[in-house]
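Each value in this text was obtained by applying a stated rule to the coordinates, not by laboratory testing. What you are looking at is a predicted structure, and each value in this text was computed from that prediction instead of being measured. Heads up, the Cβs are rebuilt from the backbone with ideal geometry, glycines too, and the neighbour counts pull from every protein chain shown.
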Amino acid sequence: MQNINREEIEIKKSEAEKYLIKAEEFVSKNKVKASIQMLRKAINIFFEIGLYMKIPEVISRIINIFYRESYIYLAIEYLNSIYKRLSNLDLPEEQAKILMELAKLLKRIGDYELAAEYFEEAAELYLKADPESFRELSAMFLISAAGCYERTRTSHRKGEMLLIQAALRLNKEIFDYQASEYQAIKYIKNKEFVKAIEIYEKLYKHFSYGLDNISQIVYDFEEITYVSIYAKTRLIHIISEYRLILMFLYDLVGERDISRKIALESIEQLNSAIELIKGMIISNYWTRDDLKRLTYEGFMRAYFQKYWHIKDPTPEEEAYIYITKNLPNEVLDIIKKLPYYDLCVKTESYNLKSLNELLADFNLGRLEKYKEFFIYPGNLISNK
C-alpha cells in the first residue's frame, strides 16, 4: 500500500463509493459489463488504500447482480480473481467471505464438488481468523460442505467425516473420537465392558451435543433446509450407532432396564429422522441417497424393536410400512428395490438369531467392525 494520508484516504473512499453507485445504475440498465468495470475500479481503490475489509462487503452488496443465470460464470471468474489477490495477504476472514460467495454461486450451477471444497476451505479460514469467535460459523460451513458432497453421489464418506468434524468443533473440549473408539474396541475384545461403556457414553454425549446445536447455528445459506436436515439425520444415525453398541454392552453387564431404555430412546429419535427425510421426499426435494438413508434408518429402528420385542404403538405398524407411508408411488418403486428395504421387511418376520445370520451378508458401514462381537453367531451376546 502506498503511503497515503487520512485526507487522501477519505477522498479515495468517496471515489470508490461513486463507482459502486455507478455500478448499480449500470445494472439497472442491464449494462453488466459496464457495472463490472465500475466494481473493479472501486475494489482496486480499496486494495490501494488497504481497506481490505470493505472488499467482501462490496461483493455481498452487488453479488445479486450476477444471480441471473447468464452472468453467473462471469461472476465466478471475477470473484476468483479477487480471491487470488487476497491470497497474497494474510486476511483469512476476508478470503473466507469471498469463498462463501463463490461456493453459493457454484451450488447454483450444480458444481457441488467445487462448492464443497470452497465451503470447507472457508471453514478453515474462519477458524484461522478467530478460533473462538468463528467456531460455530466454521462448523456451519463444514456442514454446508458435507451437504454438497452428499449431492455429488461420489463423496458421501467425505461428507460424513466433515459432519463429524463439525459436531466435534461445536464442542470446545478437544476430543479424538477415533482414538477413543479404538480403545473401546480393545476393551470389548478383553471383555472389559464397563470401561467400554464409559467411552461409548462419552462418544454418544459428544455427538448429541453437536446435534443439539445444529438448529442454533443455522444461517441464511441457500438450501439451508436441505443442509440442516441432512446434518441432523446424519448425526442421528451416528448417535444411533453408538446407542446400539451401548444397548449391547449394558445387556452384557446385566443392566437390562438401561439397555431397553436406550432402545426405546433410539426408536423415538430414529422416528424423527425418518419423518425429516420423508418430509423432503414428499416436498420432491431428494436424491437417491436420501432414499437409501431412509431405508437404513428404518432397518435400525426395526432392529432396536426386534432386540427388545418392542412394538411402537404410535402407529402400530411394521418398519417397512412406517418408512413408506404417504410417499409418492414413483418413489416407492425405487425404495422397494433397495437392499435395506428388503431387510426392513425381513426384520419383522425373522427371529433375532436368523436376522443376525442374515446381517452377515450386509454391509453395515461403521458398524462392520462390531459384527464379530454382537451380530455373528457365537457372539458375546449369545454366550453371555
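Numbers at a glance
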quantity: Area projected by the alpha carbon convex hull of region 291-360, averaged over all directions, nm²; calculated: 4.6
quantity: Karplus (6.51, -1.76, 1.60) ³J(HN,Hα), θ = phi - 60°, over region 237-254, in Hz, Gly and Pro reported as x; calculated: 4, 4, 4, 5, 5, 5, 5, 4, 4, 5, 4, 4, 5, 5, 5, 5, 8, x
quantity: Convex hull per residue volume in Å³, alpha carbons only, for the chain; calculated: 152
quantity: Separation of alpha-carbon centers, region 325-382 and region 134-151, rounded to whole Å; calculated: 30
quantity: Cα-based convex hull volume of region 177-374 per residue, rounded to whole Å³; calculated: 124
quantity: Ile9-Lys158 FRET efficiency (beta carbon distance; Förster radius 41 Å; 0.05 resolution); calculated: 0.35
quantity: Whole-Hz ³J(HN,Hα) from phi, Karplus 6.51 cos²θ - 1.76 cosθ + 1.60, for region 335-349, glycine and proline x; calculated: 4, 5, 9, 7, x, 7, 5, 4, 5, 4, 4, 5, 4, 6, 9
quantity: Karplus-derived 3J(HN,Hα), 6.51/-1.76/1.60, for each residue of region 158-163, Hz, glycine and proline x; calculated: 5, x, 5, 5, 5, 5
quantity: GluC sites (Glu not before Pro) within region 267-364, DSSP loop, no more than 16 other Cβ atoms inside 10 Å; calculated: Glu316, Glu317
quantity: Set Lys278/Lys346; Lys13/Lys84; Lys261/Lys371; Lys107/Lys337; Lys205/Lys337; Lys191/Lys292 screened for pairs whose C-alpha atoms are more than 26 Å apart; calculated: Lys107/Lys337; Lys205/Lys337; Lys191/Lys292
quantity: Set of aspartates and glutamates near Lys33 by C-alpha distance (under 14 Å), chain-local residues within fewer than 8 positions excluded; calculated: Glu24, Glu25, Glu77
quantity: Over the chain: helical MRE at 222 nm, DSSP H runs n ≥ 4 each giving -39500 (n - 2.57), nearest 500; calculated: -24000 deg cm²/dmol
quantity: Percent RCO, i.e. relative contact order, over region 233-384, from Cα pairs under 8 Å lying at least 6 residues apart; calculated: 22
quantity: Among Arg108, Arg85, Arg234, residue whose mean-square fluctuation peaks in a GNM of the chain (springs only between Cα atoms under 10 Å); calculated: Arg85
quantity: Residue among Leu291, Met38, Ala184 farthest towards the positive dipole end of the chain, charges placed on Cβ; calculated: Leu291
quantity: Sequence-separation-based contact order of the chain, relative, with Cα cut under 8 Å and 6+ spacing, percent; calculated: 8
